[in-house]
Amino acid sequence: MRSPTDLPPRPRRLGRLSRRFWISAVLIVLLIGFLSLRNLAVLWTDQMWFSSVGLGGVFSTLLLVKVGLGLTFGAGEQIALTKFRTYNHAAVITVRLPF
């Protein structure tokens, strides 16, 4: 009879929660990828059309402006929301009832 220390160690299996987490994460990434296929197709089609009429520079400028505006307003919104949350929690509002 062999003792338990003579047996090779069992491979470590993922726990039930960890397995669910990774399956959920992969499904979410696949869903986001599937939903962005339409946007990528529109982007590719626009790029091909602008290139076919000799206006590839216009497409590049348009794309850079859209990305720049998205980043600028996204950062501004994040800053504004952070400041609102910070100052909103510090304020104490009291109301006096007339009766």
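Below is a table of values for the structure above.
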item: Extension gain (nm, one decimal) between L69 and D6, 0.36 nm per residue minus Cα-Cα; result: 16.2 nm
item: Ellipsoid equivalent to segment 14-54 - semi-axes via the Cα gyration tensor, in Å; result: 39, 7, 4
item: Karplus-derived 3J(HN,Hα), 6.51/-1.76/1.60, for each residue of segment 18-23, Hz, glycine and proline x; result: 5, 5, 4, 4, 5, 5
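Any read-out appearing in this document is the output of simple, stated calculations on the displayed coordinates, not a laboratory observation. Just so it is clear, the structure is predicted and the values come from calculations on it, not from any experiment.
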